[in-house]
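Take a look at the structure below.
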Amino acid sequence: MNNFIITVKNLTKIYKNGVKANVNISFNIREGEIFSILGPNGAGKTTLIKQLAGLLKPTSGSIIVSGVDVIRNPNAVKEYISLCPQESAIIEHLTVFEHLYYFGRLKGLSSDKARKETNSLISKFDLKKYRDQYVGSLSKGLQRRIIVAQAFLGSSKIVYLDEPTTHLDPVGRRHVWSIIREYKKDGTTILLATHFMDEAERLSDRILFLNNGRIVALGSIRDIKKLVGNYVKIRIDAYYGEEITKLLDRIKGFYKISKYSGSFIDIIVPGEDDEVEKLIDFLISRRIEFELRMPSLEDVFLELSENESKKGIN
Amino acid sequence: MRVKKVLTDTYIILIINFMSLRTAIIPYIVIAIILPLGFTYLISLAFKGMITVDAATNMLVGVIVLSLSLSIINGIGQNLGQDRLLKRLELIASYPVSPGAYILGVSTVFIISSLINVIIMVFSGGIAWNILDRVLRVFPQLLSLLLIASLGLIGIGAVIGTRSSSLPQTYALTNIVSFIIAMFTPAYYPIEMMPTPIRILSQFLPTTHAALAARSLLGVGQYDIVKHTVFLVLLTSIYLFFGLRGIKWYEE
Ligand SMILES: Nc1ncnc2c1ncn2[C@@H]1O[C@H](COP(=O)(O)OP(=O)(O)OP(=O)(O)O)[C@@H](O)[C@H]1O
Ligand SMILES: [Mg+2]
């Protein structure tokens with residue numbers, strides 16, 4: 001069960017300009033899981049992935065990937081991993097077929113095998129129509145699909161995907177998600193960096209929350225949701241705003257109005273059943289329409305980052 | 001096994017780079033072939049009957065150095081600069097490919113094209129100025145000198161391409177440096193005519209020593225061929241060393 005394929009210990013990266021991009025990060029990744037690094041822009045996700053790929057030298061700490069000490073032997077790890085970098089570094093003057101084919105060769109595939117895998121990835125990623133077009137002439141989203149597809153050449157045991165679905169439309173994103181799940185089913189370990197909560201929530205077995213280079217939380221989605229406590233969110237039309245605020249004062253129990261935007265109010269209710277029931281009964285009796293929501297990762301993330309920045313002030 | 005992978009990778013990188021000619025074949029032909037041909041033709045027209053054999057020989061060496069310097073420094077510098085700054089290098093470096101295969105693949109493109117370049121110019125210039133037999137007599141030696149000089153130029157281009165901090169800076173530096181090399185190499189005129197500071201500067205250019213040795217080979221100067229060849233090899237090694245060292249597979 002607990003077969004760790006990646007082990008990271010006390011990893012710190014301080015760039016030459018003094019930016020602390022990763023601070024004392026430790027975690028393990030199990031073989032065959034989808035492990036997500038989730039965090040806002042500048043959190044340090046790309047920095048972390050680049051170090052795990054043997055492309056960027058850490059300031060301190062240790063990284064073992066598939067038995068390879070990455071810091072001591074950064075090139076050896078490249079036999080076991082594939083990387084989809086965040087920025088589509090594309091070679092414009094190659095056709096879609098050539099792009100995949102030549103990188104397959106660089107991956108070490110024979111020309112036959114590279115051709116076969118290229119054709120299968122082209123159909124898997126819906127690129128058949130563009131097969132013989134220069135990649136430089138394609139849209140950003142299509143170029144992105146090529147780079148993501150490329151990460152699956154040579155069936156690496158471990159695939160790093162850094163923001164794989166940027167530039168993709170909603171249909172394209174879902175399509176890529178389903179492909180990622182397929183590879184997971186086949187036993188591929190996937191390390192995903194993303195700032196999309198929905199992406200992490202749908203795909204991940206476990207999530208590492210990163211903010212300002214530090215781990216904010218680590219665990220399964222359920223574990224992480226538990227971290228901020230058990231609560232339910234009830235969303236009500238802002239039309240009832242005044243009535244609700246008055247009445248909430250009167251009934252007993254703890255309620256917190258988290259958001260009073262122009263169009264709706266969110267009421268945070270502790271997860272104990274009777275508390276929730278009390279409020280719901282009340283709303284029904286007043287014929288007030290409402291929407292019941294479990295906390296999303298986004299709520300959790302906002303709460304955790306808030307705590308983190310408060311800690312920073314103190 | 002490892003050697004085979006390095007050779008295959010070099011070949012693949014070479015092919016990938018040559019593929020770019022498909023979309024840029026016309027500008028390439030213009031720069032590499034039509035311009036130098038046109039240049040020699042114009043000069044031979046302008047100086048018809050007036051140009052001495054020695055002057056023509058100097059002219060030929062000069063045109064070759066100019067063309068190599070412009071095409072290699074700009075080509076290598078901009079190629080490496082773009083790969084690095086547009087993060088193409090990051091993609092390539094994440095593959096099990098050695099930096100040696102990468103630089104060898106990219107350089108071979110320029111070695112091959114400069115070879116073609118030199119051959120075309122030797123023949124066109126040789127015929128236009130009626131010095132072909134004189135050139136062909138020492139052709140292997142001449143070609144070796146120019147090849148070593150090309151490697152030196154690759155080194156200089158690589159120094160720029162691996163250290164520039166932005167693309168505009170890359171383009172500016174490669175243009176300036178290739179121009180300086182083309183101008184300050186004593187190819188068209190004797191080195192004795194140059195002002196002292198430029199003469200000192202020219203000593204650090206591999207092209208200077210290649211040109212002087214080539215002129216002696218062709219019988220239009222009494223420079224020490226051995227000495228200049230040694231300097232040429234030395235400078236080329238230094239530039240190559242610093243150029244290749246700049247290629248970072250593992251970023252600090
Ligand atoms: N080469 C570099 N030199 C100096 N600082 C850097 C460098 N690369 C990144 N940084 C800084 O390190 C921090 C983390 O950057 P990183 O790219 O890892 O974040 P990220 O989580 O991937 O962000 P995004 O979601 O925008 O991709 C940022 O403050 C960034 O400005
Ligand atoms: Mg990033």
Ignoring everything but the protein chains, give the 1.4 Å probe accessible area of A:Tyr240 in square angstrom, nearest 10.
50 Å²
Can you compute 3J(HN,Hα) from phi for each residue in the stretch B:81-93, using the Karplus curve 6.51 cos²θ - 1.76 cosθ + 1.60 with θ = phi - 60°, rounded to whole Hz and x for Gly and Pro?
x, 5, 4, 6, 6, 8, 6, 6, 5, 4, 5, 5, 5
B:Glu90, B:Glu252, A:Glu242, ranked by accessible area, largest first (probe 1.4 Å)
A:Glu242, B:Glu252, B:Glu90
Sequence-distant or interchain residues sharing an amide H contact under 5 Å with A:Leu94, placed H: which?
A:Val135, A:Gly136
List the aspartates and glutamates whose alpha-carbon lies under 15 Å from that of A:Lys129, not counting same-chain residues fewer than 8 positions away?
A:Glu98
From the backbone phi of the stretch A:127-144, what are the Karplus-calculated ³J(HN,Hα) couplings (6.51 cos²θ - 1.76 cosθ + 1.60, θ = phi - 60°) in whole Hz, Gly and Pro given as x?
10, 4, 4, 9, 2, 9, 8, 5, 5, x, 8, 8, 5, 4, x, 5, 4, 4
Per residue of A:158-170, what is the mean number of Cβ atoms on other protein chains within 10 angstrom of that residue's Cβ?
0
Quick calc, chain A, dipole around Cα centre from Cβ unit charges on Lys, Arg (+) and Asp, Glu (-), nearest 20 debye, gives 1080 debye
Stick to Cα atoms and the Kirkwood definition of Rh, then tell me Rg/Rh for the protein assembly as shown.
1.14
Going toward the positive end of the dipole of the protein assembly as shown, with +1 on Lys and Arg Cβ and -1 on Asp and Glu Cβ, which of B:Ile12, B:Thr185, B:Gly246 do you reach last?
B:Thr185
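Take the solvent-accessible surface of the protein heavy atoms, probe 1.4 Å, and return the percent of it on the stretch B:2-244 that carbon and sulfur atoms account for.
Working: 8070 of 10790 Å².
Using a 1.4 Å probe with all protein chains present, the stretch B:2-244 comes out at 75 percent carbon and sulfur.
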In nm, spacing of pseudo-spin labels at B:Met183 and A:Phe264 (7 Å Cα→C-beta vector)
6.8 nm
Farthest towards the positive end of the dipole of chain A, among A:Gly104, A:His167, A:Gly44 and with Cβ unit charges of +1 on Lys and Arg and -1 on Asp and Glu, lies the Cα of A:Gly104
Principal axis extents for chain B, Cα atoms only, whole Å, descending order, please.
59, 38, 38
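Per residue, how much accessible surface does chain A expose to a 1.4 Å probe? Answer in Å², no decimals.
Per residue, chain A has an accessible area of 48 Å².
About its Cα centre, what dipole magnitude does the stretch B:108-252 give when the only charges are +1 on Lys and Arg Cβ and -1 on Asp and Glu Cβ, stated in debye to the nearest 20?
100 debye
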Phi to ³J(HN,Hα) by Karplus 6.51 cos²θ - 1.76 cosθ + 1.60 over the stretch B:161-166, Hz, x for Gly, Pro:
x, 9, 10, 5, 9, 7
Would you grab the residues whose amide H sits under 5 Å from the one on A:Arg30? Only those 5+ places off in sequence or on another chain, please, with H modelled 1.01 Å from N.
A:Ile5
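Would you please give the FRET efficiency between A:Ser110 and A:Glu79, computed as 1/(1 + (r/R0)^6) with r the Cβ-Cβ distance and R0 = 25 Å, to the nearest 0.05? Walk me through the numbers on the way to the answer.
Numbers: r = 16 Å, r/R0 = 0.64.
Efficiency at R0 = 25 Å is approximately 0.95.
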Per residue, what volume in Å³ does the convex hull of the Cα atoms of chain A enclose?
175 Å³
Along the Cα→Cβ direction, 7 angstrom out, place labels at B:Ser237 and B:Ala172. What is the inter-label distance in nm?
3.5 nm
Gaussian network model of chain A, Cα springs within a sub-10 Å range: biggest mean-square fluctuation belongs to which of A:Ser137, A:Ser156, A:Ser66?
A:Ser137
Mind checking how much accessible area B and A bury in total, 1.4 Å probe, in Å² rounded to 100?
3100 Å²
Burial of 30 Å² or greater, the stretch B:74-90 residues [accessible area, probe 1.4 Å, versus chain by itself]:
B:Lys87, B:Arg88, B:Glu90
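Determine the alpha carbon to alpha carbon distance for each of A:Lys78/B:Lys5; B:Lys4/B:Lys248; A:Lys13/A:Lys157; A:Lys124/A:Lys185 and list only those over 18 Å.
Numbers: A:Lys78/B:Lys5 14 Å; B:Lys4/B:Lys248 23 Å; A:Lys13/A:Lys157 26 Å; A:Lys124/A:Lys185 16 Å.
Violating the 18 Å limit, Cα to Cα: B:Lys4/B:Lys248; A:Lys13/A:Lys157.
The values are calculated or read from the model by the stated rules, or taken from the named source; none is laboratory data. As the structure is a computational prediction, the values presented were derived from the model and not from experiment. No Cβ is skipped: glycine too gets one built from the backbone with ideal geometry, and neighbour counts run over all protein chains shown. Accessible surface is based on the protein model in full, side chains and every heavy atom, while ligands, DNA and RNA are left aside. Shrake-Rupley method; radii C 1.70, N 1.55, O 1.52, S 1.80 Å.
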